1. Quick check on the chain: helices-only [θ] at 222 nm, where DSSP H runs of length 4 and up contribute -39,500 (n - 2.57) each and the sum goes over total residues. Nearest 500, please.
2. Mind checking which of N126, N396, N319 has the largest fluctuation in a GNM of the chain, springs on alpha carbons under 10 Å?
3. G260's amide H: which non-local residues (gap 5+, or another chain) put their own amide H closer than 5 Å, with H modeled 1.01 Å from N in plane and none for Pro or chain starts?
4. Angle, helix 298-313 long axis vs. longest principal axis of the chain, Cα atoms, 0 to 90°, nearest 10?
5. For a quick check, take a GNM of the chain with Cα springs below 10 Å and name the residue from E248, E362, E24 with the largest mean-square fluctuation.
6. So which GluC sites (Glu not before Pro) in region 177-247 are both in a DSSP loop and have at most 13 other Cβ atoms within 10 Å of their Cβ?
7. Taking amide hydrogens as modeled 1.01 Å from N in the peptide plane, which residues meet the under 5 Å criterion relative to E341, leaving out close sequence neighbours?
8. Could you give the length gained by full extension between L121 and L68, i.e. 0.36 nm per residue of separation minus their alpha carbon distance, to one decimal place?
Amino acid sequence: MNTSETFNDHVMATYGRFPLTLVEGHGARVRDDAGREYLDFCMGIAACSLGHCHPRVVDAIREQAGKLLHVSNLYFTDNQGLLAKEINQNHVGLEGKIFFSNSGAEANDGLIKSARRYGHLKPQANGKPRFEVVTFKQSFHGRTLGSMSATGQAKIQQGFDPLLPGFRYLPYNDVAALEDSVKDETVAFLLEPLQGEGGVNVASKEFLEALAILCKKHDLLLMFDEVQAGFGRCGEAMAWRVNAPDIEPDGISWAKGMGGGVPIGCFWLNDRAVDEKGTKLSSLMGPGSHGSTYGGNPLVCAASLETLREIREQNLAKNAIKMEGRIRAEIASWKLPVVTEVRGLGLLLGIGLNPNLIPVSEGETCALKVVKSLMVKGLLLAPAGPETIRLLPPLNVTDAEIDEALALIKGVLSEFLPEQIS
């Protein structure tokens, strides 16, 4: 019985998997069970920020696995404290506290719970708690009931009614839509500085600054979901700082690239005082308010600590900016009508496609068709919505690897010319 047959018999079909079984990876390349090699610009959907099996991460995992795999958050462990310190001092650069989880969805659930706790401390004028978290259309915050309810995409939510109440969705990047958007029960805004799953859409400076002003005016929490965009991928340690460096958020969630491939996430709360008693926002999530059996265990923290140190010490955010420029210049030189635009920041980029030039089969999107064609050629990418293909190479990707990937993309997209479709 081969792998796909085993999956069919024993694994829930919650993913539309490509017909590919991967068995090994090193750097920017992976190998399938037939021995064929692929250039991987999906990287576990931005999770393998240093590529596959980076020696520094592998060594950290091996060393820690021989010492202590897991205990419980009833006790202190060195790696969790060191990782929190690394994030606070060297990446966020603001005073705050961190809770460790296993995924981005869990981290966003933690932010939602924190906002509701704040709404109890700072209630409505009538004394009732504030509870509403405003998010944005085309957002993606996860697939737990809470994070799914926060997600502004109906297709994610279909068939799971009733959703968790207390969410409302506004148009992304629409400053005018923010006017009069705050209700008595509103307590927070949650948004991605760069929407990944929603099509690779970047929040503008004006939009982020307007949000920050609105939150201060109405005593609301400003919370950023940097699960896919954080830790150097967008050209800064923190993605929101690319366009609005002076903003100080109240909460941030991360996962994916912070682990270098191991399952870890976390959320951060600001240490700022929130009342006349000097109560810190981060202190609202006290003993008994939240928990995770595996969150922040010694093994995953060892891997994450070395991942983030490598990103910082090698200044890989700078490499992301350099490679973004290389990618944009090359694609612009093609002058292919099938390419509508290149969106994104750093090494979280989306190539917009003209659906009128790409014939598809029933139930297939133009992005999915291109991704499948590129897989046949030896390049792995992920779609981001129906009309965008997403580039998520490792942050330490080389010039040669970028050039190789772009040559493959150009070759496939050059097949879709107006005269061939008419």
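Quick note: the coordinates plus some simple rules give every number you see, no bench work behind them. What you see is a predicted model; the values in this text were computed from it and never measured. As a convention, Cβ positions derive from the backbone with ideal geometry for all residues, glycine included, and neighbour counts pool all protein chains shown.
1. That comes out to -10500 deg cm²/dmol.
2. N126
3. Amide H neighbours of G260, under 5 Å, 5+ apart: S49.
4. 70
5. Highest fluctuation of the listed residues: E362.
6. Passing both the DSSP loop test and the Cβ count: E179.
7. Distant-sequence amide H within range of E341: G352.
8. 15.2 nm
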